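Novice: After the structure tokens below, expect a handful of questions from me.
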Amino acid sequence: MTKKIAFWIFLLGTISSSVVFLAATWDTQRQVAVLSNADKLSDRVVAGKRAFQKYNCNDCHTILGFGAYYAPDLTRVFQRIGEEGIRFRIKDPEKAFANSWRKMPDLRVTDAETADMIEFFRWVTEINNNDWPPQDSRKRLSRGEQAMVASVGVTPGAAVFQSKGCMNCHSLHGTGGTFGPALDTVGRRLSVERIEHYVRDPKGVDPGAMMPPQKELTDRELEEVAKFLSSLK
Amino acid sequence: MEYRSQKIAYWYFAAALPLFALQILLGLYLAFSYTWTVPQSIVDAFSFATARAMHTNLLVLWMLLGFMGGTYYIVPEETKSEIYSEKLAWFQLIALLATGVAALVGFFFGWTQGRPLLEIPSPLDFVVVVGALIFLFNVAMTMIKANRWTAIQGTLLGGLVFLALLYLFGMPFYKNLVIDWYYWWWVIHLWVEGAWELVTAAIFAFILMKITGVERQVVEKWLYVEIGLFLFTGIAGTGHHYYWIGAPRYWLWIGGIFSALEPLPILLMLLDTMNHVKERKAKILNPLTWTYAVGCAIYHMIGAGVFGFLHTLPQINYYTHGSQVTVSHGHLAFFGAYALLNLMTFYYAMPKLKGIEVYDDSRGKYGFWVMSIAMMLMGLFFGVAGVLQSYVERAMGMGFMTAQSYMRLWMGAVFFVGLAFLGGLLTTVTDLLTIRPAKARV
Ligand code: HEM
Ligand code: HEM
Ligand SMILES: [Fe+2]
């Protein structure tokens, strides 16, 4: 091989790869609007993205799998913990992660910025990205969710547990908050009545309890969630 | 040293070294935060996020200083002329350092663009661009005036221009997160697997030619083949970052196929280096420089070629994407390809710039081996943590922090080998800054 041939290898290699790449870039630009639901990309969502960048959240958390790997991926966080769950953690991380061995800083995010970021996460959750990350795939529910789905037929308490903020502090099989104890096997320790009593008035059962009383639950909801929890053995 | 203006390179290298040391201190803070609990009050004041922005930006800053210094060293010898303007070279060094310091202080006070690796805020970005333009102008003018083109010069200039152009894609605010990441990778991937490889290949070819005495015709012929393959695989290979961002599905094919070929040019570079070393026409004056050259070629292959290949296919990347597996590869590749390349350049050029023909490498040897071994272990520990994470969090679907508690031991191990790395690095930095002539051999 002569130097001249080598030069032609260089030229052809570079040009052919660039052509493939630029053509695909052009087509991607065309398709992204649909794949990312660009029609729902409102000003609020954009404001949320700006806030997300302003506080450098991405240098602890990944989103779409990029960024730092120090904290949970936020691609599907809206699906995972919902609006209230997100708000609670951003507003008071010290409390939300009081029992965790890894802390999230209190960045003094304003309420408006938090609301915008929630809109941003709501939009990100819907991006059609070949179903990544696997742990949040709707096709492959996490173990915590499996436990709940398995119980939904038996008791609607599982849905109450997930949607009424219990998971901000408690976890099932590693999914959920860490401020309160994990409840994977709480049914071994506590009866239905005991759980009902505790949830309404934690300090009445244990004077040192740090859990706030759950006053918003209706009697029916309380009964269902207590039945669900007592079944976890 | 044959040309007076080469001297400027020394100051680029001398500025890069302490920044490298600072980068490692911050790396230790990161590994510490992974393993032990940092109290809330400290996290509020100086968080992981801030430290990570510093760790990675220092990395890029010192490496760019190294590349620029390397360029200022090589270009006079290649063009057989002085640098077009030494004043501009000085100005640009000071401007870049000042921007870097301003950025680091800014990060501490929360002044950031908030995009990983590209945290530098927009106003400072413009200063960076102006500095880069001055640099390119200075280098290009030197080459044009001398008009003695070689493949090494062409590759170097081409790589630098490509590098600067790509930076522009990282500057705008993108409303759509998908588009944002799409162009983010034009900077990050096309840098490390495109433009930087060109610059590296040129510097490597130059030093190899000088120390082995192999003919230019042979070195430059292989240089063309290497950069051709780098760009052929690397440009479309960008697709290996587009699997899960909301881009069309065909990227799984484009990215998978082209990036799977990316180890080829690296392998070629390794074989080529081995060949030149075997068929050397000059005798080995400074064994440590040779050790760095061979070490760099091998480590480049391991970190980028092997560890990159391991997670580049979509079937595997689905589980390892954005985990400690990525970090493992990131460290081994950056260290093997670019840290060792820069250190090789420093060991080649700094003694010469001080008028030392044969230098004393008794300390430097330790530096090389301690750093190389510590980094290899660190890569493996990150890797074990990453495999655990992929399995526990992604395959089993347990919570993020549950997976982290399984990985804790390995992240602690990273911290301790990180301390050893720091020891090796401090030895190297001291050695380079106070390099002495070798005592006459008996
Ligand atoms: C004592 C030595 C070091 C330690 C303990 C260390 C530790 C770390 C840690 C914990 C991270 C954060 C990963 C994350 O986002 O979760 C990180 C990021 C990074 N470090 Fe280091 N580091 C060290 C040295 C180096 C060196 C020598 C280089 C390059 C030559 C380097 C390049 C990087 C890069 C490129 C990233 C970003 C990684 C990515 O996005 O995947 N580090 N480092
Ligand atoms: C010297 C060359 C290289 C360097 C310095 C390098 C560095 C890096 C860094 C720092 C990242 C993490 C970026 C981030 O998300 O923050 C990364 C990601 C990646 N690299 Fe490389 N790389 C190199 C070559 C290669 C090669 C040759 C391959 C494939 C054969 C490869 C495959 C990958 C893949 C698949 C990812 C994505 C990981 C994920 O999905 O999280 N890299 N590289
Ligand atoms: Fe890449």
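The values are calculated or read from the model by the stated rules, or taken from the named source; none is laboratory data. Source: prediction; values computed, not measured. Backbone-built Cβ (ideal geometry, glycine too); neighbour counts: all protein chains shown. What goes into the accessible areas is simple: the full protein's heavy atoms, side chains included, and nothing from ligands, DNA or RNA. Shrake-Rupley method; radii C 1.70, N 1.55, O 1.52, S 1.80 Å.
Novice: Specify the residue that is surrounded by the most Cβ atoms within 10 Å (Cβ to Cβ); the eligible residues are those in region A:181-202 that are part of a loop (DSSP other than H, G, I, E, B) and of a type in the set (Gly, Ala, Ser).
Specialist: First pass over region A:181-202, keeping only residues part of a loop (DSSP other than H, G, I, E, B): A:181-185, A:190-191, A:201.
Filter once more, so that each one left must be of a type in the set (Gly, Ala, Ser): A:182, A:191.
Values: A:Ala182: 18, A:Ser191: 11.
Only one residue tops the list, namely A:Ala182.
Novice: Here's a follow-up. Go through region B:318-334 and give me each residue that's open to solvent by 10 Å² or more (accessible area, probe 1.4 Å) and part of a helix (DSSP H, G or I). I'd like the intermediate steps shown before the answer.
Specialist: Within region B:318-334, the subset open to solvent by 10 Å² or more (accessible area, probe 1.4 Å) is B:318-321, B:325-327, B:329-331, B:333-334.
Of everything in region B:318-334, those that are open to solvent by 10 Å² or more (accessible area, probe 1.4 Å) and part of a helix (DSSP H, G or I) turn out to be B:Tyr318, B:Tyr319, B:Thr320, B:Val325, B:Thr326, B:Val327, B:His329, B:Gly330, B:His331, B:Ala333, B:Phe334.
Novice: How many residues, within region B:264-297, are under 23 Å from B:Leu380 (Cα atoms) and either without any contact (Cβ under 8 Å) to a residue 12 or more places away in the chain or within 16 Å of ligand 1 (Cβ to nearest atom) (or both)?
Specialist: Counting residues in region B:264-297 that are under 23 Å from B:Leu380 (Cα atoms) and either without any contact (Cβ under 8 Å) to a residue 12 or more places away in the chain or within 16 Å of ligand 1 (Cβ to nearest atom) (or both) gives 3.
Novice: Right, another one. Report, by residue number, each residue of region B:156-185 that is in contact (Cβ under 8 Å) with a residue 40 or more places away in the chain, more than 9 Å from every other protein chain (Cβ to nearest Cβ) and in contact with a Leu (Cβ under 7 Å, 6 or more places away or on another chain).
Specialist: Across region B:156-185, the qualifying residues are B:Gly158, B:Gly159, B:Leu160, B:Gly170.
Novice: Based on this model, can you work out whether B:Gln324 counts as over 25 Å from B:Ile207 (Cβ atoms) and within 16 Å of ligand 2 (Cβ to nearest atom)?
Specialist: Details: over 25 Å from B:Ile207 (Cβ atoms): yes; within 16 Å of ligand 2 (Cβ to nearest atom): yes.
It is true that B:Gln324 is over 25 Å from B:Ile207 (Cβ atoms) and within 16 Å of ligand 2 (Cβ to nearest atom).
Novice: Residues that are within 11 Å of chain B (Cβ to nearest Cβ) and touching a Ser or Thr at 6+ places or on another chain (Cβ under 7 Å): which helices (runs of 4 or more DSSP H) entirely in region A:52-125 hold 1 or more of them? Write out each step before concluding.
Specialist: Numbers: elements: A:77-91, A:93-96, A:111-125.
In region A:52-125, the matching helices (runs of 4 or more DSSP H) lie at A:111-125.
Novice: Take the conditions open to solvent by 60 Å² or more (accessible area, probe 1.4 Å) and either at pLDDT 95 or above or among the hydrophobic types (A, V, I, L, M, F, W, C) (or both) and apply them to B:Ile152. Does it pass?
Specialist: Judged against the criteria, B:Ile152 is not a match.
Novice: Considering (1) within 11 Å of ligand 1 (Cβ to nearest atom); (2) more than 10 Å from every other protein chain (Cβ to nearest Cβ), say which one B:Gln404 fails and leave the rest.
Specialist: B:Gln404 satisfies all of (1) within 11 Å of ligand 1 (Cβ to nearest atom); (2) more than 10 Å from every other protein chain (Cβ to nearest Cβ) except (2).
Novice: Continuing with the same structure: Just for helices (runs of 4 or more DSSP H) wholly inside region B:196-270: which have at least 3 residues that are under 21 Å from B:Thr345 (Cα atoms) and aliphatic (A, V, I, L, M)?
Specialist: On the way: elements: B:196-212, B:216-237, B:251-260.
The qualifying helices (runs of 4 or more DSSP H) are B:196-212, B:216-237.
Novice: Restricting attention to region B:283-317, report how many residues are within 16 Å of ligand 3 (Cβ to nearest atom), farther than 25 Å from B:Met371 by Cα and part of a helix (DSSP H, G or I).
Specialist: 3
Novice: Kindly indicate whether B:Thr428 is farther than 29 Å from A:Gly65 by Cα and either away from ligand 2 (no atom under 16 Å from the Cβ) or within 21 Å of the chain's Cα centre (by Cα) (or both).
Specialist: Numbers: farther than 29 Å from A:Gly65 by Cα: yes; either away from ligand 2 (no atom under 16 Å from the Cβ) or within 21 Å of the chain's Cα centre (by Cα) (or both): yes.
Against the criterion (farther than 29 Å from A:Gly65 by Cα and either away from ligand 2 (no atom under 16 Å from the Cβ) or within 21 Å of the chain's Cα centre (by Cα) (or both)), B:Thr428 qualifies.
Novice: Tally time: how many residues in region B:167-189 are among the aliphatic types (A, V, I, L, M), open to solvent by less than 10 Å² (accessible area, probe 1.4 Å) and under 16 Å from the mean Cα position of the chain (by Cα)?
Specialist: In the first step, residues of region B:167-189 are kept if they are among the aliphatic types (A, V, I, L, M); the result is B:168, B:171, B:177-179, B:187-188.
So of that shortlist, the ones also open to solvent by less than 10 Å² (accessible area, probe 1.4 Å) come out as B:177-178, B:187.
Then keep just the ones that are under 16 Å from the mean Cα position of the chain (by Cα); that gives B:187.
Adding up the residues that qualify gives 1.
Novice: Do you know which residues across region B:215-274 are within 29 Å of A:Thr62 (Cα to Cα), away from ligand 3 (no atom under 15 Å from the Cβ) and open to solvent by 30 Å² or more (accessible area, probe 1.4 Å)? Spell out how you get there, then give the answer.
Specialist: We begin by selecting, within region B:215-274, every residue within 29 Å of A:Thr62 (Cα to Cα); these are B:230-231, B:233-263.
Filter again for away from ligand 3 (no atom under 15 Å from the Cβ), leaving B:246, B:248-250, B:253.
B:Arg249, B:Tyr250, B:Trp253, listed by residue number.
Novice: Yes or no: region A:22-31 includes at least one residue that is facing another protein chain (nearest Cβ under 9 Å) and β-branched (Val, Ile, Thr).
Specialist: Looking for residues that are facing another protein chain (nearest Cβ under 9 Å) and β-branched (Val, Ile, Thr), one finds at least one in region A:22-31, hence yes.
Novice: Checking A:Ala47 against (1) in a helix (DSSP H, G or I); (2) facing chain B (nearest Cβ under 7 Å), only one condition comes out false. Which one?
Specialist: (2)
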